[in-house]
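Each remark here refers to the structure printed beneath this line.
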Amino acid sequence: PEHFMIAPVLDGFSNVYREEGNYEKALNYAKWSLKIRENCFGPGHLAVAESLYFVGWVYLHEENYADADRLFKRALALIETILGGNHPSVAVCLDKLIEVYMGQRDYAEALRLFDRSFGIKKEVYGQSHLLVANSHEAFGEFQQGLGNYEMAWKAFGLCLQIRLDTLGKEHPAIANTL
């Protein structure tokens, strides 16, 4: 079956196998989905970018950073071409590339991509959006891992303030932030 409606189901199987740690099966399903989408839509379609992202995600979980980097960059190029450089999907793909570079200990490149992803999210959603808070939290964790505690404190503080302002002090997400 090569119908394009099969691909999202294959992605679902891939995601479950990836979460279970069965990367071989996850990769097989993700690649099958990619093949179907390329055959149905051609290599320059947004649905192909989605499949490239899923294949890259499996490679990332395997800590196969070279292949993850290659797939995420292909997905990113398609997304930027089709949706523009400041689309939220660009930020999502950049966030996965950040994970790749952090895994490779290329912190300078990870930081450069953090800045770009942050910029897109702030422009699209505004300074006080929960997705921006999530980025502050991730940046805080990144800085903490590097031993840059002042920057980590600042990022965590910004995350907490956005969540307090948006959700209120009684929301369960506030406890997770603390």
For this session: State whether one or more residues within segment 46-58 are in contact (Cβ under 8 Å) with a residue 12 or more places away in the chain, in contact with a helix residue (DSSP H, G or I) (Cβ under 8 Å, 6 or more places away or on another chain), surrounded by fewer than 18 Cβ atoms within 10 Å (Cβ to Cβ) and not charged (D, E, K, R).
Result: yes
For this session: Could you please give the count of residues in segment 121-178 that are among the β-branched types (Val, Ile, Thr) and either buried (at least 17 other Cβ atoms within 10 Å of the Cβ) or free of Cβ contacts under 8 Å to residues at least 12 places away in the same chain (or both)?
Result: 3
Exercise. Identify, please: which residue in segment 22-45 is part of a helix (DSSP H, G or I) and out of contact with any Ser or Thr (no Cβ under 9 Å at 6 or more places or on another chain) and is, among those, surrounded by the fewest Cβ atoms within 10 Å (Cβ to Cβ)?
Worked result: 24
Exercise. Checking residue 43 against (1) within 17 Å of the chain's Cα centre (by Cα); (2) without any contact (Cβ under 8 Å) to a residue 24 or more places away in the chain; (3) over 23 Å from residue 155 (Cα atoms), which single condition isn't satisfied?
Worked result: (1)
Problem set entry | Meets criteria (under 24 Å from residue 119 (Cβ atoms), open to solvent by less than 70 Å² (accessible area, probe 1.4 Å), part of a helix (DSSP H, G or I) and of a type outside the set (Gly, Ala, Ser)) for residue 72 | yes
Exercise. Is it true that residue 66 is of a type in the set (A, V, I, L, M), assigned to a helix (DSSP H, G or I) and closer than 28 Å to residue 143 by Cα?
Worked result: yes
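The values are calculated or read from the model by the stated rules, or taken from the named source; none is laboratory data. Predicted model, so just to flag it, every value in this text is computed and none were measured. Using ideal geometry, Cβ is built from the backbone for each residue, glycine included, and neighbour counts are taken over all protein chains shown. When the accessible area is computed, the model is the full protein with side chains, heavy atoms only, and any ligands, DNA or RNA have been set aside. Shrake-Rupley method; radii C 1.70, N 1.55, O 1.52, S 1.80 Å.
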